[in-house]
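**Student:** Just dropping this structure here.
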Amino acid sequence: MEDKLIIKGIEFKSRLWVGTGKYKDFEETRKAIEASGADVVTVAVRRVNIIDSKSENLLDYINPKNYKILPNTAGCYTVEDALRYSRLAREAGISDLIKLEVIGDEKTLFPDVCGLLKATEILAKEGFIVLPYTNDDPIMAKRLVDAGAAAVMPLAAPIGSGLGIRNPYNMKIILEQATVPVIVDAGVGTASDVAIAMELGCDGVLLNTAIAGAKDPIAMAEAMKHAVIAGRLAYKAGRIPKKLYATASSPVEGMI
């Protein structure tokens with residue numbers, strides 16, 4: 001109960017954060033989010049209506065009183081676009097939180113880290129709580145923190161790939177040097193991937209496709225909820241060392 005995720009004084013109930021894209025409709029989105037137990041819901045400002053109350057609106061299905069709405073700049077390929085949509089979300093009264101994306105390549109959707117660093121510095125100075133989506137590069141993670149990032153969100157693998165954590169060694173380095181929370185963002189495919197991320201010591205996981213693209217999104221959302229809890233408990237408990245040879249569960253020393 002005392003193991004809480006806190007970012008810039010904001011307390012989060014769950015270490016699982018979820019997206020809202022790729023579902024068949026808003027009703028399925030609502031059910032999956034409820035099953036996940038998440039209290040952070042990220043929304044692409046460019047792609048999902050959260051501003052125009054005159055047309056069907058995601059917030060008609062997701063009550064902002066029950067969830068922290070995390071706007072993101074998905075689909076932004078320039079610093080200027082990322083800044084514009086970040087400011088638009090805040091001016092609309094959505095949040096000072098922003099999941100910052102500056103995409104560098106249409107095929108891989110890898111971030112433009114130079115643009116990301118620049119946008120992070122600008123938005124942090126404007127008072128945003130900046131959560132940048134970045135590569136699993138320890139040097140860039142450190143530079144983003146120095147630029148004012150409130151957390152860093154390294155990818156596990158390319159967005160929507162479902163490959164899981166491809167470079168756990170880089171992730172460990174990021175975690176060792178981190179002075180802010182580390183939230184794995186992108187690339188997890190199933191509950192075991194989430195548990196691994198949490199067992200490494202990550203502070204949370206943000207995912208979308210792994211739930212929305214599952215055969216049963218509602219069931220997968222619940223599986224992800226339990227995976228985050230189990231992985232975090234295992235990390236806090238401390239795993240046994242890995243050994244090449246067997247160690248008897250019942251020692252024979254002292255037995256007649």
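**Student:** Pick out which of LEU144, LEU233, LEU100 has the largest mean-square fluctuation in a Gaussian network model of the chain, springs linking Cα atoms closer than 10 Å.
**Tutor:** Most flexible of the set in this elastic network: LEU233.
**Student:** Can I ask one more? At what distance in nm do the modelled label points of LYS107 and ASP60 sit from each other, each positioned 7 Å from its Cα along Cα→Cβ?
**Tutor:** 4.0 nm
**Student:** Next question. So with the 1.4 Å probe, I'd like the accessible area per residue for the chain, rounded to whole Å².
**Tutor:** On the way: 13280 Å² over 256 residues.
Heavy-atom accessible area per residue stands at 52 Å².
**Student:** Give the long-range amide H neighbours of LEU100: residues separated by 5 or more places, or on another chain, with amide H under 5 Å away, using H modelled in the peptide plane at 1.01 Å from N.
**Tutor:** For LEU100, the qualifying residues are LEU131, TYR133.
**Student:** If each residue of separation counts as 0.36 nm, what is the full-extension length gain between GLU27 and ASP39 once their alpha-carbon separation is subtracted?
**Tutor:** On the way: separation 12, 0.36 × 12 = 4.32 nm, distance 1.71 nm.
Between GLU27 and ASP39, full extension yields an extra 2.6 nm.
**Student:** May I pose another question? Can you work out ³J(HN,Hα) from phi for every residue in the range 232-238, in order, using Karplus 6.51 cos²θ - 1.76 cosθ + 1.60 and θ = phi - 60°, giving whole Hz and x for Gly and Pro?
**Tutor:** Each residue of the range 232-238 in turn: 5, 4, 5, 4, 5, 6, x Hz.
**Student:** Let me spell out the model: positive unit charges on the Cβ of Lys and Arg, negative unit charges on the Cβ of Asp and Glu, origin at the Cα centre of the chain. What dipole size does that give, in debye rounded to 20? Intermediate values should be presented prior to the final figure.
**Tutor:** Working: 31 positive and 32 negative charges, 56 e Å.
Charge dipole, the chain, about its Cα centre: 260 debye, nearest 20.
**Student:** With r defined as the distance between the Cβ atoms of ILE240 and LYS4 and R0 fixed at 45 Å, what FRET efficiency is calculated, to the nearest 0.05? Walk me through the numbers before you get to the answer.
**Tutor:** Working: r = 27 Å, r/R0 = 0.60.
For R0 = 45 Å, the calculated efficiency reads 0.95.
**Student:** Rounded to the nearest percent, how much of the accessible area of the range 1-152 (1.4 Å probe, protein heavy atoms only) is carbon and sulfur? Kindly include the intermediate steps, with their values, before the conclusion.
**Tutor:** Numbers: 3510 of 7380 Å².
Here it works out to 48 percent.
**Student:** Here's a follow-up. Suppose R0 equals 41 Å; then what is the FRET efficiency for ASN167 and GLU126 from their Cβ-Cβ distance, rounded to the nearest 0.05? Intermediate values should be presented prior to the final figure.
**Tutor:** Values: r = 32 Å, r/R0 = 0.79.
According to the calculation, E is roughly 0.80.
**Student:** Taking a 1.4 Å probe, which of SER95, SER161 shows the most accessible area, and what order do the others take after it? Please report the intermediate quantities before stating the final value.
**Tutor:** Numbers: SER95 25, SER161 50 Å².
Accessible-area ranking of SER95, SER161, largest first: SER161, SER95.
**Student:** Hey, another quick one. Starting from the amide H of LEU70, placed 1.01 Å from N in the peptide plane, find each other amide H under 5 Å away whose residue is 5 or more places distant or on another chain.
**Tutor:** The list, which skips near neighbours in sequence, is VAL41, THR42, VAL43.
**Student:** Go through 73-80, 188-195 and give me the packing order, highest mean Cβ count within 10 Å leading. Mind showing how you got there, number by number?
**Tutor:** Numbers: 73-80: 18.6, 188-195: 22.0.
Top to bottom by mean Cβ count within 10 Å: 188-195, 73-80.
**Student:** Which shape class, rounded, prolate or oblate, goes with the range 84-138 when its Cα gyration tensor gives a ≥ b ≥ c as root eigenvalues, a/c under 1.5 marks rounded, and past that a/b bigger than b/c marks prolate? Before the final figure, lay out each step's value.
**Tutor:** On the way: a/c = 2.37, a/b = 1.72, b/c = 1.38.
Prolate is the answer for the range 84-138, as a/c is 1.5 or above and a/b outweighs b/c.
**Student:** Answer rounded, prolate or oblate for the range 114-202, using the Cα gyration tensor with square roots of eigenvalues a ≥ b ≥ c: rounded when a/c is under 1.5, else prolate when a/b is larger than b/c, else oblate. It would help to have the intermediate numbers written out before the result.
**Tutor:** Working: a/c = 2.17, a/b = 1.78, b/c = 1.22.
Judged from the Cα gyration tensor, the range 114-202 comes out prolate (a/c at least 1.5, a/b above b/c).
The values are calculated or read from the model by the stated rules, or taken from the named source; none is laboratory data. Being a predicted model, the structure only gives us computed values, none of them experimental. Here Cβ is always computed from backbone atoms with ideal geometry, including for glycine, and neighbour counts include all displayed protein chains. SASA here: full protein model, heavy atoms, side chains in, ligands and nucleic acids out. Shrake-Rupley method; radii C 1.70, N 1.55, O 1.52, S 1.80 Å.
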